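Structure first, commentary second.
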Amino acid sequence: MALTYLEAIREAQHRALSTDPSVFIYGQDVAVFGGAFKATKNLSREYPGRVLDAPISEDAILGVAIGAALEGMRPIVEMQFADFSSLAFNQIVNQAATHFWRTGVPCPLVVRLPSGGTPGSGPFHSQMMESIYAHYPGLVVLTPATVGDAYSMLLEAIALDDPVIFCEHKFLYYHLKEEALPQESLPVGKARIARMGRHASVVTYSAMVHEALRAAADLALEGYEIEIIDLRSVKPIDSDTVLASVARTGRLLCVGESFPWGGVCAEVVARVVADGFNLLDAPPQRLNARDTPIPYHPNLWAAHRPTASAIAESLRRLLRF
Amino acid sequence: MPEVSVAAVAEAERLRGAYRWMLLARRLEEKISSLYHSGKIVGGVYLGRGQEAFSAALGVSLWRGRDIFAPLIRDMAGRLAFGEPLLDPARTYLGSVLGPMRGRDGNIHRGRPAEGMPAMISHLGSMVSVVCGMLMARRFKGDLEAVGAACVGDGATSTGAFHEAVNLAAVERLPLVIAVANNQFAYSTPTERQFACRDLTDRAAGYGIEGHAVDGTDLAECLMVFEHAVARARAGHGPQLVVGTLLRLTGHGAHDDAAYVPEALKRTPLGRDCLERAGQHLITRGLATPEELDRWDREVTEEVRQAVATAQQDPVPEAAGETWRALCSDLQP
Ligand SMILES: Cc1ncc(C[n+]2csc(CCOP(=O)(O)OP(=O)(O)O)c2C)c(N)n1
């Protein structure tokens, strides 16, 4: 029976609720309704009193999660959309992220962020927030690209003693299917080679892994073997796997769906330049969304975010250098 | 007594006018919903069915050009009544470059800020303080006439932004009308999971402002209450909290079947259709004939048809024509 990325997220929460009595889920419309995307479908029925509807009060929702975490619970917060986590920003970056460092008392919680663009979603239902949160010390930021990772990384996130920002991509929710859930998986902090190659490395994460794989398939027809690294976790970031790949290919393109100024791609490029300058045969490149808010109209949206063809184009330029 | 009849005529005209805006909003949203279901509109579609009386009554109580109106997702009727051109929603939903949002933003996220209609962002509660700022600017500029209205739902009253803005407005004694459409649900969440006070109007006392409760399904009552609240705000009595009690007669969005709304609740007085009630009211009081209502229905249906047909012929944005610049100055980011 095939499972979607979304179902994997539900299954992980199901399992966490069944194995750990300190887990509970808090968010808008998550109880009987099962969440705006149905990621918590039926869980409130199976675990009465542990899947609770919250008022539209993101700041307080995070405050509650933090307070409960300090008392030994393991809250999972669902933001209805990643974009609305801006209202909880203060609690996340100033309270949750600093807590262990300040007090020595851990603050284990998971904030699930339905992230990323889908056609017609516009500026306030499409954002990628991983770069923002990764900037703050004290947070773990995960960006699963596969059904298996959605499952195993969410379970690992719940078990971690640190606050975790779990960026799940809405575009993958229904599209992506796998036959079974993984029995074992890479640990958080390890990147994955999604496709082996030798002419250039694409370092990416989340939905862009799939765009990059399509671009690599196109370039294979032109005789180029492109290696694709799926970071999986953007903080911690697996520099070793990235550098080892660049050592094989000599060329780097980093692709992210978030805005271009700073961020995960800038971080990857900075690390490769600093620690692997001698490995490079060409200036490392990055490809991000455009430096404007995310447009509503699908024609504009498709040109705002990196696509397989834009990635292929960037790769051709990189390979020509 | 001539004065009484002048007032009566004015009241009749307000009722008839507001009813027509409600009808126009209803027919337009039915059209938009069907375009959505046939795949011609992408993204979210949020409808105001059941809330037209509350929304239109506020819209007609304000003056475009003088006042400020910050609608939310269920205020098609109020927007049109305030003076939003019918082409604006049609063009915004269909992504036309000729609409006020030029395809960059869509659906309800539209406005004409230079004309007193700020363009809402999705983040609930965020618009209330923006209206406060617009009112403070008017005051700085010596304009003591303007009233600003901000619309929210019951769910948005749980946001920190809402609380901060209402408190600030009270401190500044701003001429702000806060219209809360309590439609019993925030998406699937019923009000008892949203707040524990008996009645949202009770909060007015806590903020130190005036509060008014109204049956949101009754157009005549909504008109009376909003007219009064706007007049109080304009006369310098500070913010006015108006809470309309009603039921959302549609899903949260066009994608939602609202199966979580109990059938029994729909059969209570809350579930009455404000449009039907308003039509009956006009007829019973002899303010309109059934034939007149039918004629208006045909007229607004034709207006909607034309607006949508126009918007459908409009050019849509093309990536090649985009500047991809978010800064207004010519700085290079
Ligand atoms: C700050 C914030 N959190 C979550 C959402 C997602 N959201 C959109 S509409 C909605 C429910 C709104 O309910 P209410 O304020 O009662 O208005 P109604 O939809 O009933 O008119 C939610 C939770 C949002 N837009 N903003």
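Is there a residue in region B:51-63 that is at negative phi, among the aromatic types (Phe, Trp, Tyr) and open to solvent by 20 Å² or more (accessible area, probe 1.4 Å)?
Within region B:51-63, the first condition is being at negative phi, and the residues that meet it are B:51-63.
Checking the rest, the ones that are also among the aromatic types (Phe, Trp, Tyr) come to B:54, B:63.
This time we only want the ones that are open to solvent by 20 Å² or more (accessible area, probe 1.4 Å), so: B:63.
Scanning region B:51-63 turns up at least one residue that is at negative phi, among the aromatic types (Phe, Trp, Tyr) and open to solvent by 20 Å² or more (accessible area, probe 1.4 Å).
Quick one: count up the residues across region A:1-24 that are modelled with pLDDT of 95 or more and either open to solvent by 40 Å² or more (accessible area, probe 1.4 Å) or on the phi > 0 side of the Ramachandran plot (or both). First the steps, then the outcome.
In the first step, residues of region A:1-24 are kept if they are modelled with pLDDT of 95 or more; the result is A:3-24.
Next cut, either open to solvent by 40 Å² or more (accessible area, probe 1.4 Å) or on the phi > 0 side of the Ramachandran plot (or both) only: A:7, A:11, A:14-15, A:18-21.
Matching residues across region A:1-24 total 8.
Within region B:299-325, take every residue that is surrounded by 14 or more Cβ atoms within 10 Å (Cβ to Cβ) and among the aliphatic types (A, V, I, L, M) and give me the one that is farthest from the other protein chains (Cβ to nearest Cβ).
My answer is B:300.
Output the residue which, of all residues in region B:33-50 that are aliphatic (A, V, I, L, M) and away from the ligand (no atom under 16 Å from the Cβ), is most open to solvent (accessible area, probe 1.4 Å).
First, the residues of region B:33-50 that are aliphatic (A, V, I, L, M): B:35, B:41-42, B:45, B:47.
If we keep only those that are away from the ligand (no atom under 16 Å from the Cβ) too, we end up with B:35, B:41-42.
Details: B:35: 12, B:41: 7, B:42: 54 Å².
If we take residues in region B:33-50 being aliphatic (A, V, I, L, M) and away from the ligand (no atom under 16 Å from the Cβ), then B:42 is most open to solvent (accessible area, probe 1.4 Å).
Name the residues in region B:141-159 that are away from chain A (no Cβ under 14 Å) and in contact with a strand residue (DSSP E or B) (Cβ under 9 Å, 6 or more places away or on another chain), would you?
Of the residues in region B:141-159, the ones away from chain A (no Cβ under 14 Å) are B:141-151.
Selection gives B:146, B:147, B:148, B:149, B:150, B:151.
From the list A:286, A:320, which residue is under 25 Å from residue A:241 (Cβ atoms) and away from every other protein chain (no Cβ under 14 Å)? First the steps, then the outcome.
Details: A:320 fails: under 25 Å from residue A:241 (Cβ atoms).
It is A:286.
Just to check your reading of the model, which residue among A:303, A:270 is among the small types (Gly, Ala, Ser), outside the structural domain of residue A:167 (by TED's automatic domain parsing) and open to solvent by 30 Å² or more (accessible area, probe 1.4 Å)? If you could, list the steps in order and put the result at the bottom.
Numbers: A:303 fails: open to solvent by 30 Å² or more (accessible area, probe 1.4 Å).
Among A:303, A:270, only A:270 is among the small types (Gly, Ala, Ser), outside the structural domain of residue A:167 (by TED's automatic domain parsing) and open to solvent by 30 Å² or more (accessible area, probe 1.4 Å).
Say whether the condition of being more than 14 Å from chain A (Cβ to nearest Cβ) and either within 16 Å of the ligand (Cβ to nearest atom) or open to solvent by 50 Å² or more (accessible area, probe 1.4 Å) (or both) is met by at least one residue in region B:96-112. So that I can check it myself, show each step before the final result.
Taking region B:96-112 first, the residues more than 14 Å from chain A (Cβ to nearest Cβ) are B:112.
In the following step, the residues that additionally are either within 16 Å of the ligand (Cβ to nearest atom) or open to solvent by 50 Å² or more (accessible area, probe 1.4 Å) (or both) were identified as B:112.
Checking region B:96-112: at least one residue is more than 14 Å from chain A (Cβ to nearest Cβ) and either within 16 Å of the ligand (Cβ to nearest atom) or open to solvent by 50 Å² or more (accessible area, probe 1.4 Å) (or both).
From B:244, B:251, which residue is buried (at least 19 other Cβ atoms within 10 Å of the Cβ), of a type in the set (Gly, Ala, Ser), away from chain A (no Cβ under 14 Å) and within 16 Å of the ligand (Cβ to nearest atom)?
Numbers: B:251 fails: away from chain A (no Cβ under 14 Å).
After applying the criteria, what remains is B:244.
Return the only residue of B:162, B:185, B:195 being open to solvent by less than 10 Å² (accessible area, probe 1.4 Å) and within 14 Å of chain A (Cβ to nearest Cβ).
Values: B:185 fails: open to solvent by less than 10 Å² (accessible area, probe 1.4 Å); B:195 fails: open to solvent by less than 10 Å² (accessible area, probe 1.4 Å).
From the options B:162, B:185, B:195, the qualifying one is B:162.
The values are calculated or read from the model by the stated rules, or taken from the named source; none is laboratory data. All of these numbers come straight from a predicted model, not from anything done at the bench. So basically every Cβ, Gly included, is an ideal-geometry build from the backbone, and we count neighbours across all protein chains shown. We work out accessible area using only protein heavy atoms, side chains counted, and drop any ligands, DNA or RNA first. Shrake-Rupley method; radii C 1.70, N 1.55, O 1.52, S 1.80 Å.
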